[in-house]
Each structure stands twice: as structure tokens, then as C-alpha cells.
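S.K.: What follows is a structure written as C-alpha cells; I'll ask about it next.
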């Protein structure tokens, strides 16, 4: 019997082990998608093949979803259905903004409309 099990009850030890398990999947997906993003940036050119750009933005969406889920789990401890919807809305809005920005077609009006639509969706999801 270790000193830690004597000082802490078994229920606390089980909850700590369960919370670590809940963080492993988003952390590993975030790290893996970040490495894929780095490899795509270093080894490929989207000018030569547009499929690399599609793969990049798909991987970026996975990275944003898992990173935001990990951030929420660190702060709150669990992920509710409302927080999942908010993560999806924010990730898609950030992805669209980055896509427009990379195509050099994001002016202040488009950005303002995107922000208003995102805030409206977040408000709607919060009130449902």
C-alpha cells in the first residue's frame, strides 16, 4: 500500500484516473493532427495539387475541434451537449475565416458578417 492510497480515499483516486482517461483522447488527437499539419506545411505545396489544401483544412478542423474540447475539459472537467455545439460553431467559424483569409478574399464586411452569424448561432444554441 503506497502513501498516496493511505492519504486519499479510493473514490478520489478513481475520479482522478477517470479524468485522466477522458483527457487522453482529445490530447492525442490534438497532438496527432498538429503533427500532420506541420508535415503538410513542410512537405507539400497546395499550388501544385489542390488536394493538399483540402487535406490541410480538414486536418485543421480536426485540430480545432479536439483542441477546443481539450480546453473545455481542462476548465470545466466535462463536456456538455451545449459546449459541444459551441465548439463546433466556433471551429467552423474559425476555419471559414482562415479559408477566406488564405484566399485573400476576406474584407471587413465579410468578416463582420461572419462574426455576426457566429454570435447569432452561439446565442441560438444557448437559448434552445
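S.K.: Looking at the range 81-106 only, could you name the residues that are surrounded by fewer than 10 Cβ atoms within 10 Å (Cβ to Cβ) and more than 21 Å from residue 24 (Cα to Cα)?
M.R.: Those that are surrounded by fewer than 10 Cβ atoms within 10 Å (Cβ to Cβ) and more than 21 Å from residue 24 (Cα to Cα): 103, 104, 105.
S.K.: With (1) modelled with pLDDT under 85; (2) within 12 Å of the chain's Cα centre (by Cα) as the list, and residue 62 as the residue in question, which single condition is left unmet?
M.R.: All conditions pass for residue 62, except number (1).
S.K.: Can you tell me which condition residue 78 does not meet? The list is (1) at pLDDT 90 or above; (2) surrounded by fewer than 16 Cβ atoms within 10 Å (Cβ to Cβ), and all the others hold.
M.R.: The failed condition is (1).
The values are calculated or read from the model by the stated rules, or taken from the named source; none is laboratory data. In this text, all values refer to a predicted model and were calculated from it rather than measured experimentally. For neighbour counting, all protein chains shown are included, and Cβ atoms are generated from backbone atoms with ideal geometry for every residue, glycine included.
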